Amino acid sequence: MLKKIIIKRIRENGPMPFKDFMQEALYHPGCGYYMSKETMPFGREGDFFTASHLHPAFGASIGRQIEQMWMIMGRPSPFYIIEFGPGRALMAGDMLRYLKNTEFFACLSYVIIEANPAMAALQRQGLKDFSETKISWAARADELSPVCGCILSNELLDAFPVHLVQMENGALKQVWVGSDGDNLIEILVEPSKEIISYVEEFDIDMLRDSTAKAAIQSGYRTEINLAVRDWLKDCAAILREGFILTIDYGFPAWKYYHPARTRGTLVCYHRHKTSENPYEHIGQQDITAHVNFSAVSKWGQPHGFSPVGYASQGQFLISLGIDELLSQISLDENYQFEAIKIKRLIVPDGMGETHKVMVQYKGTAAANIPQLRGFTIRNQLADLGL
């Protein structure tokens, strides 16, 4: 169904940048992967897991970090946690249950930004233990007025539509999507000015310098996510003072665009199976790409967001005492089984290393922000190369 809609659009308007194809595949109203009533992608019966599916201690740990942010800001009331695209909102529920018996809870208002009405209904069902005065919903960021608090996202930025670029005979090309009958095909065109500007901004020598290009084989492919810049602009509009806490899988720019990463990071998820083919199961599979955290840091600064910390998820959670939280909120008599779930969140060969945590701050106290607890083991801001 969605494939036919996309082909019809191409026939009427001509080929589209890959970013526009990905936008349709994921966010077409009613048919896109994240907008369909039928697609509920999370959990054992869905297409993938997120960290919040593994153990409530994950949400409790994030709550502990945000509580410290509230204290740093002078305990304002109200303090808003604004979460973008929380899936089934498991992290929100776990966080609120952990914070329920704290002083912070009385000052806390939780806002969920969810564009899919069917998903929002599931979130309301899962969070029914909390009153409507504690949690509210919005379909778009521009529905909110500026507040003090923390903007939170977990595996959000990786789902933003990306541009694809490819090296071909020593020249950088941009991938567009066209049609050949009932099939979608890729077309290589000259890169847009904004793509060239991005390559210059992040000093990606192999995509910019002619001598470096010669060493890159034809077919080298990678992604460029410009939607992050627009998202940070939205964050600046709704956050008068406070923090952005971003959890996602990604790298600094220098590691993202390493010559050895010849196929980039684009991957598709369908029923817990992965592929690199975005042109199958259109509207029924997730399409993601890793995050360039150097861009998140750099693009936030013109909007007043100073980078505070950057670390692997494992280091972040251990710094927050996730082992201690496990003993407090363990839901299973088999402690070892619970510990195995926690291990998947923190070990270097799993989510503990692939997923990163970044915190940015906007406000008058930017020069005097004390070390956040989540970065006490290690703060890798210097790795961003900015």
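The values are calculated or read from the model by the stated rules, or taken from the named source; none is laboratory data. Everything numeric in this text was worked out from a predicted model, so none of it was measured. We place every Cβ from the backbone using ideal geometry, glycine too, and count neighbours over all the protein chains shown.
Observations
- Residue tally, condition on the phi > 0 side of the Ramachandran plot and not in a strand (DSSP E or B), over segment 230-265: 1
- Among the residues of segment 194-213, not a single one is surrounded by fewer than 18 Cβ atoms within 10 Å (Cβ to Cβ), assigned by TED's automatic domain parsing to the domain that holds Asp20 and in contact with a Phe, Trp or Tyr (Cβ under 8 Å, 6 or more places away or on another chain).
- Qualifying residue in segment 42-63 (condition: modelled with pLDDT of 95 or more, surrounded by fewer than 21 Cβ atoms within 10 Å (Cβ to Cβ) and part of a loop (DSSP other than H, G, I, E, B)): no
- The condition (being modelled with pLDDT under 95, of a type in the set (A, V, I, L, M) and more than 21 Å from the chain's Cα centre (by Cα)) is satisfied by just one residue among Met167, Met119: Met167.
- Counting the residues of segment 266-288 that are among the hydrophobic types (A, V, I, L, M, F, W, C), in a loop (DSSP other than H, G, I, E, B) and out of contact with any Asp or Glu (no Cβ under 9 Å at 6 or more places or on another chain) gives 0.
- Among the residues of segment 327-386, those identified as among the basic types (Lys, Arg) and either crowded, with 17+ Cβ neighbours inside 10 Å or at pLDDT below 80 (or both) are Lys341, Lys343, Arg344, Lys356, Lys362, Arg373.
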